[in-house]
Amino acid sequence: SAVISQKPSRDICQRGTSLTIQCQVDSQVTMMFWYRQQPGQSLTLIATANQGSEATYESGFVIDKFPISRPNLTFSTLTVSNMSPEDSSIYLCSVGDRVYGYTFGSGTRLTVV
Amino acid sequence: DQQVKQNSPSLSVQEGRISILNCDYTNSMFDYFLWYKKYPAEGPTFLISISSIKDKNEDGRFTVFLNKSAKHLSLHIVPSQPGDSAVYFCAASDEGGNYQLIWGAGTKLIIKP
């Protein structure tokens, strides 16, 4: 299965600023997924990123708040923009499919103060 | 509306005994179910999955049972080991769901020595 390197592992940010999270995969993948896990909650899919096209966002998430880049088949970034304390969560990237399972990055623990 | 529910936030089991983690779902269109394990500061790790055409899938110490009529699945770990202490997530998807996984909130399993 693919190996994902995600960074940063954690950050503490001031409200109103932005943070970009990076995920590097050790193999080429068609789709990459970005999730959020708020404290005590389940994982929620933010968006699906295909190389060379706009990301597809789930209900409740918008591109202005969570812009995603997917410049090639092994790399993607998620930016959390204009942060507020409500954005404090763990953010995870993932690759895979439902038959063979999904592999996740180690997560980025974001705290907004 | 939670489509996938893990009603037990935590479970404590003696080492060597059986751990049983439960998951209920409401969407009858789900046809694939997965269990993930998550350690602190790490991303979820795929454990085992089951298709709706089966009622049991076994992999070493891990067995997943699916009861479609009850919309219920369970993960059995036998025997439980200290390294099994983690948060376990149940996830489900349907063929028309565009790869999206719907996640439960997780159950924290604590294995007591």
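Just a few scattered comments:
- Residue in the stretch A:16-37 that is touching a strand residue (DSSP E or B) at 6+ places or on another chain (Cβ under 8 Å), among the β-branched types (Val, Ile, Thr), without any contact (Cβ under 8 Å) to a residue 12 or more places away in the chain and surrounded by 14 or more Cβ atoms within 10 Å (Cβ to Cβ) present: no
- Among the residues of the stretch B:12-36, those that are of a type outside the set (Ser, Thr, Tyr) and either under 13 Å from the mean Cα position of the chain (by Cα) or closer than 13 Å to B:Leu66 by Cα (or both) comprise B:Ile20, B:Leu21, B:Asn22, B:Cys23, B:Asp24, B:Phe30, B:Asp31, B:Phe33, B:Leu34, B:Trp35.
- Identification of strands (runs of 3 or more DSSP E) wholly contained in the stretch A:1-86 with 1 or more residues that are over 24 Å from B:Phe89 (Cβ atoms) yields A:10-13, A:19-25, A:43-50, A:68-72, A:75-80.
- Checked against (1) surrounded by 18 or more Cβ atoms within 10 Å (Cβ to Cβ); (2) within 14 Å of another protein chain (Cβ to nearest Cβ); (3) farther than 25 Å from A:Asp26 by Cβ, A:Ser59 passes all but a single condition, namely (1).
- Condition met for B:Phe33 (within 10 Å of another protein chain (Cβ to nearest Cβ) and surrounded by 17 or more Cβ atoms within 10 Å (Cβ to Cβ)): yes
- Residue list for the stretch A:97-113, restricted to those being assigned to a strand (DSSP E or B) and either surrounded by 21 or more Cβ atoms within 10 Å (Cβ to Cβ) or at the interface with chain B (Cβ under 8 Å from one of its Cβ atoms) (or both): A:Asp97, A:Gly101, A:Tyr102, A:Thr103, A:Phe104, A:Thr108, A:Arg109
- Residue check, B:Asn7 under 16 Å from B:Ala105 (Cα atoms) and part of a loop (DSSP other than H, G, I, E, B): yes
- Boolean, A:Tyr91 is surrounded by fewer than 19 Cβ atoms within 10 Å (Cβ to Cβ), within 14 Å of chain B (Cβ to nearest Cβ) and not polar (S, T, N, Q): no
- Residues of the stretch B:10-38 satisfying the condition of being more than 17 Å from B:Ala105 (Cβ to Cβ) and outside any strand (DSSP E or B): B:Glu15, B:Gly16, B:Arg17, B:Ile18, B:Ser28, B:Met29, B:Asp31
Every read-out reported here was derived from the displayed coordinates using simple, explicitly stated rules and does not represent laboratory data. Since we're looking at a predicted model, the values are computed, not measured. Every residue, glycine among them, receives a Cβ derived from its backbone with ideal geometry; neighbour counts consider all protein chains shown.
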